[in-house]
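What follows is one structure encoded as C-alpha cells, with my remarks underneath.
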Amino acid sequence: MKAALLTKHSKTNLDLTIQEIPVPEIKPNQVLIKVRAAGVNPLDNMITRGQIKLLIPYKLPLIMGNEVVGLVQEVGNKVTKFKNSDRVFARLPLDSIGAFAEYVAVDEAALALVPDYLTDEEAAAVPLTALTIMQALELMQAKAGKTIFISGATGGVGGMAIPISKAKGLAVITNGSADNKDRVLGLGADRFIDYKTEDYTKTVSGVDYVIDTLGGAETEKQMSIMNKGGHLVNLPAMPNARFAKRFGLPAWKRFLFGLVGRKMDKMAERYGVAYDFIFVKSDGAQLQEVADIFTELQVKPSVDTVFAFEDVNKALAKVANGRSRGKTVITFNN
Ligand SMILES: NC(=O)c1ccc[n+]([C@@H]2O[C@H](COP(=O)([O-])OP(=O)(O)OC[C@H]3O[C@@H](n4cnc5c(N)ncnc54)[C@H](OP(=O)(O)O)[C@@H]3O)[C@@H](O)[C@H]2O)c1
C-alpha cells in the first residue's frame, strides 16, 4: 500500500515521503480500515517539527495522519461493534497513528460510525476537533445553563466547539474574524464579537468556562472576564504539572512541565479560576456521542480544501500557512 512517512524531524522541511509498504496486520481487538479521507491538522506539522517529542516519543519512520474516515475491510476476532463495510471515523490512538495511508489498523475502542448525511471529506473534519471539545467540557465538568467563551471560534476548533457546547446546554459567546460572523452565528453562537473592533474585556463578564484557542496574551484577557471558580482550558499552550500527571508522564517530565506551566498556574490563581491544558486522545464512545449530536442537529463541518493523497505535502503546507476557512482534507481515489 502507499503511505506518507516521516523519516526525519525538521523545523523547516515539513515534507513527508510517499512509499510502498506492507498493509498492516490487525490484532484481535482491531479493524483494518480502507482509508477514504484523512483530516490534516496543525498537529501533523508539530510532529514533523519534533515539537511534541516530550509528550509522545514517536519512532521514525512513522506513518503520519491523526484523523481518519474509511470502510471496515477486516475485523479482528475480538471485535464486537463493527463489521465489514461499516463507514467509520476516528481520532487515531496516540501510539498508533497512520491515517495518511491506503490502510490503517485501528483499535475498535477508537472508532465510531460516520453519520450518513456527512460526505467522507466532511466527516474527516470532525474527530480531532470535536473530541478536543468533548474532552475540554468533560474536564471542566461543564453544566447546562452556564456560559462559555470560545476565543477564535471562527477557526477549525470553533466550528465544532459551538454546536457541541450548545447541545450541552451552554450559552456561547465567541470572538473571531468578522467575515465568518454569519457562519458562526449559524452554528448557534449566542453572541459574536469581531476581535478587530471590540475589546471583549470591556464588554463581557460573568463567564464560567473558556476554551482558549489562541493562547499568548489572550489567555490572561480571557481569565479577566471569568467568574471566580470558573475553568479555562487552553489548547495551544504548553503543558503544566496537572496535565503531566493526568497524561501519566514520568516524574521528571511532571517536574519539567510543572516549571513550564507555573506562570499560567499562578495567573489562574490570581484570577481565582482553574487552568488546564489538554492533548486530545482517541475515544470512540465520545465520538459516537458527537455523531449522534451532529445527526440530530445536521451540523455541516466546514471543509476548506481537499487534496489528493499524492499531494499530501501541499495539504501540510497549506495548514502550516494558516488563514484556514475550515478543514484541509486529503482523499484517496477509491
Ligand atoms: N491541545 C489540543 O489537543 C488541540 C486540539 C486541537 C487544536 N489545538 C490548537 O488549537 C489552536 C486553534 O486551532 P484552529 O484549528 O481553530 O485554528 P484556525 O483554524 O487557524 O483558527 C483560528 C481563528 O482565530 C481567529 N483569530 C486570530 N487572532 C484572533 C484574536 N486575537 N482574537 C480572536 N480571534 C482571532 C482567526 O481569524 P483570522 O482569519 O482573522 O486570523 C481564525 O479564524 C491551534 O493552535 C491548534 O494547534 C490544540
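Derived scalar couplings between HN and Hα for segment 184-191 equal 5, 5, x, 6, x, 4, 7, 8 Hz in order, rounded to whole Hz, by the Karplus curve 6.51 cos²θ - 1.76 cosθ + 1.60 (θ = phi - 60°), x for Gly and Pro.
Taking other Cβ atoms within 10 Å as a rough exposure proxy, Phe257, Phe307 sort from fewest to most as Phe307, Phe257.
Packing here is the average count of other Cβ atoms within 10 Å per residue, and on that basis the peptides 195-205, 98-108, highest first, run 98-108, 195-205. Listed by Cβ neighbour count within 10 Å, with the fewest neighbours leading, Leu297, Leu316, Leu235 appear as Leu297, Leu235, Leu316. Out of every Cα pair in segment 11-62, what percent are spaced more than 14 Å from each other? Of the Cα pairs, 69 percent sit more than 14 Å apart.
Taking the chain as a Gaussian network of alpha-carbon nodes connected by springs under 10 Å, the highest mean-square fluctuation of the residues Gly322, Gly159, Gly230 belongs to Gly322. Quick note on the chain: its Rg to Rh ratio, both from C-alpha atoms and Rh being the Kirkwood radius, is 0.96.
Within the listed set Lys53, Lys281, Lys318, the residue fluctuating most in the Gaussian network model of the chain (springs between alpha-carbon atoms under 10 angstrom) is Lys53. Electrostatic bookkeeping for Val104 treats Lys and Arg as +1 and Asp and Glu as -1; over the other residues with beta carbon under 15 Å from its beta carbon, the sum is -4.
Each DSSP beta bridge with both residues in the chain is either parallel or antiparallel, and the antiparallel ones are about 55%. Computed from Cα atoms, the angle from the helix 127-140 axis to the main principal axis of the chain rounds to 40 degrees. Note on Glu25 and Asp194: the extension gain reaches 55.8 nm, defined as 0.36 nm multiplied by sequence separation minus the Cα-Cα distance.
Each residue of segment 260-265 is assigned a 3J(HN,Hα), and the resulting list reads 4, x, 4, 4, 5, 4 Hz, derived from the Karplus form 6.51 cos²θ - 1.76 cosθ + 1.60 (θ = phi - 60°), x at Gly and Pro.
Each part gets one Cα centre, and for segment 199-238 versus segment 123-160 those centres are 14 Å apart.
Of the residues His9, His231, the one with the fewest other Cβ atoms within 10 Å heads the list, and the complete ranking is His9, His231.
Pairs exceeding 31 Å between alpha-carbon atoms, taken from Lys78/Lys143; Lys146/Lys196; Lys59/Lys168; Lys168/Lys196; Lys245/Lys314: Lys78/Lys143; Lys59/Lys168; Lys245/Lys314.
Any read-out appearing in this document is the output of simple, stated calculations on the displayed coordinates, not a laboratory observation. Keep in mind the model is a prediction, meaning the values are calculated, not measured. No Cβ is skipped: glycine too gets one built from the backbone with ideal geometry, and neighbour counts run over all protein chains shown.
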